[in-house]
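Only one structure is covered here, and it is reproduced in the block below.
Throughout, read-outs are computed from the coordinates displayed, never taken from laboratory work. No experiment lies behind these values; they were computed from the predicted model shown. Every residue, glycine as well, gets a Cβ built from its backbone with ideal geometry; the counts of neighbours run over all protein chains shown.
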Amino acid sequence: MPGPTRPTLEAIAREASVSLSTVSKVLNGRPGVSAGTRRRVEELLHDSGYARRGVDAERGEAVELVIENLASEWSVEVIRGVERVTRENGLAMTLSTIGDYHAVGDELITGVLRRKPIAIVLQFSNLTADHRRQLRTRNIPFVVVDPAGDPPPDVPAIGATNWAGGVAATRHLLALGHRRIAAIAGPADLMCSRARVAGYQSALQEAGLPVPSEIGRGGFSRADGEREGRRLLASPDRPTAIVCGNDMQALGVYDAAFALGLDVPGDVSVVGFDDAPSAAWARPPLTTVRQPLQEMAEEATRLALRLRAGEGENSRLELATALVERASTAPPAD
């Protein structure tokens, strides 16, 4: 017995009271359609099952990775993770960069819909409700890796135990005997930055120590770490240890210490976060909290493929961080 007949685009256009070209624009993610009309056509496409059954056959067998930029070791590790899983599954990987996760616009979704990937792995979590609807209408599953903010409940995401990492870094310094421990945080609007600082503060409170009223703030760059490091290390009550928001900040603190004639770890111990390749190459090698970036990207890709096959559910998963002890930390000199 033949199955139900899929409605034609002409039928959908008639029901939405729009032209066929308007339906085509919506289906292919092209501009030139008002928000209200686009939403109405999206709903009809979704309810009819047209996009789910009709677009699948036209897709290329590729998973698209959308990241902020390519100028970081973080990005390289994520690319490696996605590429490994796509290769294992006989798929291709396409790569898009957005330059700034704050500036995610319609052009991104337009490009994705034009390329028709079978799944998407995203660095950022601030897709609008309209963007999410456009992707779901076309049955393109998406998963966020290392989310920048707190994703909506219906957005699957793979992260890391950032709070626990902040605790582990601070406890390590406390165990060495440090009591004047400062921190440099990453951007305040990033969930991972806030969680790492909260872990640092919790460990100090657990040890019965006061939490500094002022915490260094900056981006995740080496220059930010140097700037904040100079400020902290030039203070009269200089800290004997600094917990950094990431490894690049920590290397910036190295630069600040050396410029001030201080030794790492003789005068100041330094802990990073991420365990990027440069952490082991630094002099001295950097003690850091390992964030399993490649494994996070692998798991995000596997979840996206399971969702595409109808076998998975929207979920949240945090992979464990772990302290990696190297030569940048030692007991305080005083």
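Here the stretch 173-192 is scanned for amide nitrogen atoms under 15 Å from the site 7 Å beyond the Cα of residue 259 along Cα-to-Cβ, giving none. Dividing the helix sum by the residues of the chain, where each DSSP H run of 4 or more adds -39500 (n - 2.57), gives a mean residue ellipticity at 222 nm of -13500 deg cm²/dmol. From the alpha carbon centroid of the stretch 177-194 to that of the stretch 204-258 is 8 Å.
For the chain, the Kirkwood hydrodynamic radius from C-alpha pairs, put into Stokes-Einstein at 4 °C and a viscosity of 1.567 mPa s, yields a diffusion coefficient of 60 µm² per second. Positive-end ranking of 110, 127, 168 along the dipole of the chain, with charges on Cβ about the Cα centre, is headed by 110. Each DSSP beta bridge with both residues in the chain is either parallel or antiparallel, and the antiparallel ones are about 10%. Taken over the stretch 177-248, the convex hull of the Cα atoms encloses 82 Å³ per residue.
Averaging 1/r over every pair of different alpha carbons in the stretch 162-292 and inverting the result gives a Kirkwood radius of 14.0 Å. With viscosity 0.692 mPa s and temperature 37 °C, the Kirkwood radius over alpha carbon pairs of the stretch 120-160 converts through Stokes-Einstein to a diffusion coefficient of 320 µm²/s. Shape index of the stretch 284-334: Rg/Rh, with Rg the Cα radius of gyration and Rh the Kirkwood radius from the inverse mean 1/r over Cα pairs, equals 1.29. Positive end of the dipole of the chain (Cβ unit charges, origin at the Cα centre): among 291, 278, 155, the Cα lying farthest that way belongs to 155.
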